[in-house]
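Derivation of every value follows stated rules applied to the coordinates shown; laboratory data play no part. All values reported here derive from a predicted model rather than from experimental measurement. Glycine also receives a Cβ, built like all others from the backbone with ideal geometry; neighbour counts cover every protein chain displayed.
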Amino acid sequence: MQCFPSLVLALSLLLGALALLQLSLYLRVPSPYGKHEERLCRPRGRLPARCAWFLQELPSFLVPVLLLALRSPPRLEPLGCRLLCCLFCWHYFYRTFIYPFFTRGRPFPLQLLFFGMLFCIYNGFLQGYYLIYCAEYPSDWCTGVRFTSGLLLFLVGMGINIHSDLLLRQLRKPGEVTYKIPQGGLFTYVSGANYFGEIVEWFGFAIATWSLPAFAFAFFTLCCIGPRAYHHHRYYLKTFTDYPKSRKALIPFVF
Ligand code: NDX
């Protein structure tokens with residue numbers, strides 16, 4: 001396989017278009033899984049959350065790893081390129097092999113799982129293909145301001161995301177499916193603390209890679225889970241009379 005810049009451009013633009021489609025579909029009504037599912041639609045089938053998240057996220061990890069294995073001779077030079085590819089795989093290693101096995105979430109709709117998997121194949125291919133076959137970085141990229149500030153944002157975002165998912169998980173005992181008011185960490189300030197972390201993480205990745213595919217994915221993440229944070233916030237305000245009034249939806253002190 002070789003690098004086709006026009007393919008990268010086309011796939012990135014399509015990802016941007018999917019982000020806008022996602023926004024237009026789910027700005028007014030939330031995507032129908034988790035706490036927003038029952039009231040909106042009844043999908044034909046569901047899979048236990050553990051299984052569903054594992055299957056859904058697996059392609060985001062597997063596709064870049066396969067692309068790397070197929071690359072002959074292996075190329076991940078310079079160091080910047082290698083590190084950036086590792087960051088992406090590291091996130092999806094966590095999301096595929098760790099997150100699902102601890103989740104206490106409700107069963108996930110099969111229909112969304114199918115589209116989620118397609119999306120993960122698509123995005124895994126785009127990010128992996130670009131970093132492994134196309135990206136060119138100067139040998140001192142790792143010491144530059146874009147890489148270091150992006151890496152810092154990525155790590156801070158990932159830390160917030162993992163910590164917030166942990167706080168959510170601790171709200172339930174095994175087998176429980178009720179919703180409670182999240183407390184602690186960044187939930188003190190926002191209802192969508194895990195989403196805030198994930199968005200910061202992918203914008204950090206985009207800055208560190210300084211690439212169109214990564215910016216397109218960060219934009220998609222914003223359009224996908226930004227509105228979801230807003231819907232979570234409205235749900236909490238409607239459900240809990242004692243919900244902290246000062247808490248914002250997604251961005252501390254702002255929105
Ligand atoms: N999966 C990303 N669109 C998505 C699945 C759905 O990873 O066709 C995007 C992802 C996909 C979506 C994915 C892409 C777009 C798709 C969509 C389906 C249709 C759509 C494909 C791939 C589509 C077009 C047409 C444009 C192509 O019971 P429960 O499950 O609610 O329990 C929850 C629990 N919890 C609580 N427990 C007690 N008390 C409370 N108050 C609680 N509140 C929540 O915590 C869960 O077990 C857990 C987390 O719940 P929640 O709702 O806060 O997070 P969730 O949305 O489940 O996300 C989990 C993590 C989180 O860290 C988030 O940042 C990350 O995954 N994520 C999620 C979605 C997308 C994404 C990251 C990204 O874009 N980077």
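Data for the structure
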item: Extension gain (nm, one decimal) between residue 71 and residue 4, 0.36 nm per residue minus Cα-Cα; result: 22.7 nm
item: Stretch gain in nm, segment residue 245-residue 170, where the contour uses 0.36 nm per residue and the Cα spacing is subtracted; result: 24.7 nm
item: Relative contact order [Cα under 8 Å, 6+ residues apart], the chain, whole percent; result: 26
item: Sites residue 94 and residue 156 - FRET efficiency at Förster radius 22 Å, r taken between beta-carbons, to 0.05; result: 0.90
item: Long-range amide H partners of residue 47 with built H, under 5 Å; result: 108, 110
item: Positive-end residue of 137, 115, 153, charge dipole of the range 73-166 with Cβ unit charges; result: 115
item: Two-decimal ratio, the range 126-191, of alpha-carbon radius of gyration to 2.2 N^0.38 Å; result: 1.70
item: Span-like helix ranges in the chain, DSSP H, alpha carbon extent 27 angstrom or more, Kyte mean at least 1.6; result: 5-26
item: Cα gyration tensor, the chain - rounded (a/c under 1.5), prolate or oblate; result: prolate
item: Cα centre as origin, Lys/Arg/Asp/Glu Cβ charges: the range 111-255 dipole, Debye; result: 720
item: Extension gain, residue 25 back to residue 114 (0.36 nm per residue minus Cα-Cα distance, nm); result: 30.3 nm
item: Relative contact order, percent, the range 126-232 [alpha-carbon distance under 8 Å, six or more residues apart]; result: 34
item: Only Lys, Arg (+1) and Asp, Glu (-1) charged, at Cβ; the chain dipole about Cα centre in debye; result: 1080
item: Segments 247-253, 199-205, 62-68 sorted - mean Cβ within 10 Å per residue, highest first; result: 199-205, 62-68, 247-253
item: Point-to-point label distance, residue 234-residue 104, nm (Cα→Cβ direction, 7 Å offset); result: 2.8
